[in-house]
Structures are given as structure tokens and as C-alpha cells.
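Before any comments, here is the structure.
The values are calculated or read from the model by the stated rules, or taken from the named source; none is laboratory data. Since we're looking at a predicted model, the values are computed, not measured. Virtual Cβ from ideal backbone geometry, glycine too; neighbours counted across all protein chains shown. Just so you know, the surface numbers come from the protein's heavy atoms only, side chains and all, with ligands and any DNA or RNA stripped out. Shrake-Rupley method; radii C 1.70, N 1.55, O 1.52, S 1.80 Å.
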Amino acid sequence: MAIASSNIRELQPQTFTRVLGIDPGLQVTGYSVLEKIGQGAKLLEAGIISTKDSGSKLLHVRIASLYESLMEIIEQFKPQSMAVEQLFSHYKHPRTAILMAHARGVILLAAAQYKLSVTSYNPTRVKKSLTGSGRAGKLQVQWAIQRELGLVDLPEPSDVADAMAIGLTHIHAISIEKPELL
């Protein structure tokens, strides 16, 4: 089923590259908004979207809360692209994968409604992009983010750090693979 054209929202064309990095989760979704500056990146905003704040444990209410919050972020920062962590779940926890898929689905819907390009990155690629090792620990990734963005403190919580890492990975990828987007 195609998205009705009345549901597609047009953002004004921009002359910069702005990326929305997303670490999807049903309870807590991390996000970051990064802008490509020369050979580096600038952090515009980062935070979490908590569906616990919706005041409900009902799945459809929490998904609606995530969707509405994400739409506000897209409206405010007008990114051209979205980078999302790939869904990963251990086979022993299929319920986790299903719940994550709900969150990921609404995130991708928001991107589609604003005609954002979407790229998914697996955690190993993100770690390798930032640290040179696909097996880097969370602390190594946080140090790399802190250094690259010139942050005073390590990025926290981990949902936010992961969203920043995903966004930075995308900026690195488009700088190498598609310089015409810059």
C-alpha cells in the first residue's frame, strides 16, 4: 500500500547536510541531529524520546508518542537524511525483536512522510567507523564521539551516545561514498 500523497510533507530545500541519527527503542529512543561542517560534524541537538512519559503501557499509545515526538524533531531541525541502527535481537529473545520492530516501523514511517533518505547501520560498522575496530566497547565509542564533536563530557546516556555514533557514521559514509550530497 502506498503512502497517500496528502500524508507526504515537503521540507524546504537546504544547502547543508543535516543527519538525524536514531537508536531505536520502544521505551527509550536516542536521537541526535548532526550537521556536516567541512571535514567534520557539528552537534545541533541530542536527547531521548521516552514513551514512558506517555503515561500508558498500551503499545499503540507508546508508538503514537514516539511518532509524535519524532515528527516534532524532524519539523524543528529539517534533516535531509536519517541514519538508524539495524534491528538486532538474539534468537532467545524474539519478543524483544518484535517490540523493537514496532518502534523501528514508526520511525521509518516518519522518515517516509518527510521524504528523508534512510540508511541502516549495524553496530559493528558503527564501531569500526568511529574507532577502527568493530569490537570496540561503549566507552571507546563515547571517547571517539567526544573527540570528534569536541564535547566537554562523554555523551550520555548510552541511547544518546549510540544515536550520535550512528549519525557520525552516516556523515562519514556520505562524505566518502556520495560527496555530491555535500
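Results, tabulated for the structure shown:
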quantity: Inter-residue pairs, beta-carbon under 9 Å, first over 16 Å from residue 155 (Cα atoms) and of a type in the set (Lys, Arg) and in the range 129-140, second modelled with pLDDT of 95 or more and open to solvent by 50 Å² or more (accessible area, probe 1.4 Å), 6+ apart; calculated: 135/124; 135/127; 135/128
quantity: Selected residue [among the basic types (Lys, Arg), open to solvent by 50 Å² or more (accessible area, probe 1.4 Å) and closer than 24 Å to residue 52 by Cα] from 95, 104, 125, 135; calculated: 95
quantity: Condition met for residue 146 (open to solvent by 20 Å² or more (accessible area, probe 1.4 Å) and in contact with a helix residue (DSSP H, G or I) (Cβ under 7 Å, 6 or more places away or on another chain)); calculated: no
quantity: In the range 58-76, the residues that are open to solvent by 50 Å² or more (accessible area, probe 1.4 Å), within 27 Å of residue 35 (Cβ to Cβ) and not aromatic (Phe, Trp, Tyr); calculated: 68, 72, 75, 76
quantity: Search result, residues across the range 113-128 that are touching a helix residue (DSSP H, G or I) at 6+ places or on another chain (Cβ under 9 Å) and touching a residue at least 60 places away in the same chain (Cβ under 8 Å); calculated: 113, 114, 116
quantity: Considering residues of the range 107-122 that are touching a Ser or Thr at 6+ places or on another chain (Cβ under 9 Å) and part of a helix (DSSP H, G or I) only, the residue surrounded by the fewest Cβ atoms within 10 Å (Cβ to Cβ); calculated: 111
quantity: Residue within the range 150-160 that is more than 19 Å from residue 77 (Cα to Cα), acidic (Asp, Glu) and buried (at least 21 other Cβ atoms within 10 Å of the Cβ) present; calculated: yes
quantity: Where a residue in the range 145-163 is free of Cβ contacts under 8 Å to residues at least 24 places away in the same chain and its partner, wherever it lies, is in a loop (DSSP other than H, G, I, E, B), with Cβ under 6 Å and at least six apart; calculated: 145/155; 146/154
quantity: Count of residues meeting criterion [charged (D, E, K, R) and at pLDDT below 95] in the range 146-182; calculated: 3
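Okay, residues lined up against (1) more than 15 Å from the chain's Cα centre (by Cα); (2) small (Gly, Ala, Ser):
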site	(1), (2)
54	yes, yes
64	yes, yes
70	no, no
87	no, no
97	yes, yes
104	no, no
110	no, yes
113	yes, no
120	no, yes
